[in-house]
Amino acid sequence: MARRSGIAATAGRAASFFAARAWHGGLDSAADDVATSPEVARFLDRVLAGPLPEELANSLIRHRVLERIGGRLAENGELERLVDQALDSAQTSELVDRVLASSPAREALERITSSPEVRHALARQSAGLAEDVVAGARSAAVRLDRRAGRPVGPPHAGIGTRAVALATDSLVALLIFAGVSAVFALIASLVGGVRPHWLAGTLLGAGWALVVGGYFVLFWSAAGQTPGMRLMRLRVRRDDGGEISFLRACVRAIGLALAIIPFFLGFVPALFDGRRRALPDYLARTVVLYDD
């Protein structure tokens, strides 16, 4: 009660002071004098020290004043205009440049980008994208398996998934051969090169056959699938379902070469065979199965 009386008294003195100034010097001069007068300063100090600010804030929240103002600004497009104006202003651009150029901002960005969480998130995102691409390619290949050739149910893999796996393995084997060839070319250049040219061509051909053959034989005999087959979720097995041996893998690699040489005609039997076997499977007595 005493506080309210003090505020009322201060307000009365400020009003009297304003009236006196207005009578002698006009409204404009009176307004300037009142705004800088000690009475007004004391009045504002008493108002802000009391419960009025809290009551005003509660009233704004209770009547959803800010929400209504924001909704009205959004409806008539004024909010978007104000945001665009703020973003396009030179002061905003200067402020952003100053913040980004500051040492604390650079240190914060370095800590964020080098954190294990960010690296893990990026790696997980990249892995997820690669998995989605592989899953899409596999789904398309499986649909081709079902449509191409004689209808055969699982678990025997068809021509589509096997073609994608073979293309992937060929690319991987080519990369391996390119790396090995580069190493041998560097060594040969140190001793003056390989002469004559037919010998170099023969060595390249033999090296290609050795790398590609070893690639397929190694993965078939050790893991039962190549990297390309793993992407397509395929696995090669004996007719009785057992794992293939090293010798059987060598026979199958020879059959693969014989199937590819005449324009891939060695894979035509997979379109009509009840277990989708191609020439390599007939020679090595193997089958290719879905690995799901």
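The values are calculated or read from the model by the stated rules, or taken from the named source; none is laboratory data. Nothing here was measured: the structure is a model prediction, and the numbers come from that model. We place every Cβ from the backbone using ideal geometry, glycine too, and count neighbours over all the protein chains shown. Surface accessibility is based on the protein's heavy atoms, side chains included, excluding ligands, DNA and RNA. Shrake-Rupley method; radii C 1.70, N 1.55, O 1.52, S 1.80 Å.
Tabulated results
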{"quantity": "Accessible surface, per residue, of the range 56-161 when the full set of protein chains is kept, probe 1.4 Å, Å²", "calculated": "78"}
{"quantity": "Most positive-pole-ward Cα, ALA86, ILE61, SER115, against dipole of the range 60-119 from beta carbon charges", "calculated": "ILE61"}
{"quantity": "Separation of the SER89 and HIS120 label points, Cα + 7 Å toward Cβ, nm", "calculated": "4.2"}
{"quantity": "Sparse-neighbourhood loop sites, chymotrypsin sites (Phe, Trp or Tyr not before Pro) in the range 215-272 - DSSP loop, at most 15 other Cβ within 10 angstrom", "calculated": "PHE263, PHE264, PHE272"}
{"quantity": "Distance between the range 98-163 and the range 223-292 - C-alpha centres, whole angstrom", "calculated": "28"}
{"quantity": "Where labels lie 7 Å past Cα in the beta-carbon direction, separation of ASN58 and LEU204 in nm", "calculated": "8.9"}
{"quantity": "For the range 105-152: rounded, prolate or oblate by the Cα gyration tensor [a/c cutoff 1.5]", "calculated": "prolate"}
{"quantity": "Residues ARG146 and ARG195, FRET efficiency given R0 of 51 Å [Cβ-Cβ distance, rounded to 0.05]", "calculated": "0.40"}
{"quantity": "Burial ranking of peptide ranges 183-194, 248-259 (average Cβ count within 10 Å, highest at the top)", "calculated": "248-259, 183-194"}
{"quantity": "Assigned charges on the beta-carbon of Lys, Arg, Asp, Glu; the range 185-279 dipole about Cα centre (debye)", "calculated": "220"}
{"quantity": "Cβ-based net charge around THR168, under 14 Å, with every Lys or Arg adding one and every Asp or Glu removing one", "calculated": "+3"}
{"quantity": "Prolate/oblate/rounded call for the range 151-232, Cα gyration tensor, a/c under 1.5 rounded", "calculated": "prolate"}
